[in-house]
Each structure stands twice: as C-alpha cells, then as structure tokens.
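Written below as structure tokens is the structure these notes are about.
The values are calculated or read from the model by the stated rules, or taken from the named source; none is laboratory data. None of these values were measured; they are calculated from a predicted model. Cβ coordinates were reconstructed from backbone atoms using ideal geometry, including for glycine residues, and neighbour counts include every protein chain displayed. With ligands, DNA and RNA removed, areas are computed over all heavy atoms of the protein, side chains included. Shrake-Rupley method; radii C 1.70, N 1.55, O 1.52, S 1.80 Å.
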Amino acid sequence: MSQIDEVVTTLDDYARAYCAKDIDALMQVFDSSGQISVIGTGKDELCAGEDEVRQLFLRNFAEATVTKFEWLWSDVVIFNDQALIAQSLIIHLDTQQGQIEVPIRWSVVLKKTDRWLWLHRHASTPSEAQTEGSAYPSTSVLTGQGSAF
C-alpha cells in the first residue's frame, strides 16, 4: 500500500468509527500524545487536547447519527513524516428533525509513527452568503450582523 493510500485509509477509519458512534475507535485515529486539536463548524467548536476533542465528539453523537460520509474532491500532500489532506465531503445525518446532508470541507494534518495519526482536523461549510465566482460574501448579507471575531 502506498503512503497516500495509507493516509486516505485514515479517512475511512474516522468515518467508520464516527458512524458507529465508537468514541474509542474514533480517538485512535488521533495521536495519543494528546497534542491534538479540532475546529468544527459551530461557533464554540474550538478544541485542543484529548479531553476537549472527546467531549466535542460525544456531543455530536448525542445530537445526531451520521449514516454516511460521501467523499468528494481530495488532495493529499506528504512530506517526510507529515501529511496534509484537503477534502470535501457530504455528511449524511439522521437528526430529530429528519435526514439532512451537510457539505463539509476538511483539512487534516497527520504525522507518521508506526502508522498515520491525525494531529488536527478543521471543518468548514461553504458560505451561503458568497456567490460562486466571488471571493467574499455579499456585504448586503453581512450588514447589521456584526463581526464573527
């Protein structure tokens, strides 16, 4: 198996554990040193350290059940013992309000030990306020909403 295949396999490991709501298997995707971080799509989803990351995932599991990760565009870069995955995907969820599909963009930073381990995962959703072909959201959409920072 090539190094790129090994890195990409970690995506499937993550998805399998996430869909099963298996927190222990999910945390095994990450580096066990505890020097990990996750940025999610929610305003409060900024986590560093094993305990915070674990709590974020447990909250996610309580709110919905992911039924499928649909992998779309992907780019993998490997340099020595580090790798970066840029990935777009659709997450299919069952919620109390019904089934939804969420378009997601990820960047994942990994390091190689005896296997590839995640150090950081960042997730975002495409901006609905930004039209295709535009670099920034429409100012009319942002007027009066205040800054996110």
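Under the condition of being assigned to a helix (DSSP H, G or I) and without any contact (Cβ under 8 Å) to a residue 12 or more places away in the chain, which residue from segment 13-27 is nearest to ALA86 (Cα to Cα)? So that I can check it myself, show each step before the final result.
Step one: filter segment 13-27 for residues assigned to a helix (DSSP H, G or I), giving 13-19, 23-27.
Still in the list and also without any contact (Cβ under 8 Å) to a residue 12 or more places away in the chain: 16, 24.
On the way: ARG16: 19, ASP24: 24 Å.
Looking at the filtered set, the residue picked out is ARG16.
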Checklist outcome for this item: Of the conditions (1) open to solvent by less than 50 Å² (accessible area, probe 1.4 Å); (2) assigned to a helix (DSSP H, G or I); (3) in contact with a strand residue (DSSP E or B) (Cβ under 8 Å, 6 or more places away or on another chain), the single one that ILE4 does not satisfy is (1)
Checklist entry - Just checking, which of TRP73, TRP116 is of a type outside the set (D, E, K, R) and free of Cβ contacts under 8 Å to residues at least 60 places away in the same chain? => result TRP73
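If the requirement is being on the phi < 0 side of the Ramachandran plot, modelled with pLDDT of 95 or more and in contact with a Pro (Cβ under 8 Å, 6 or more places away or on another chain), which of these qualifies: ILE104, ILE90? Quick ask: steps written out before the conclusion?
Details: ILE104 fails: in contact with a Pro (Cβ under 8 Å, 6 or more places away or on another chain).
Testing whether each residue is on the phi < 0 side of the Ramachandran plot, modelled with pLDDT of 95 or more and in contact with a Pro (Cβ under 8 Å, 6 or more places away or on another chain) leaves just ILE90.
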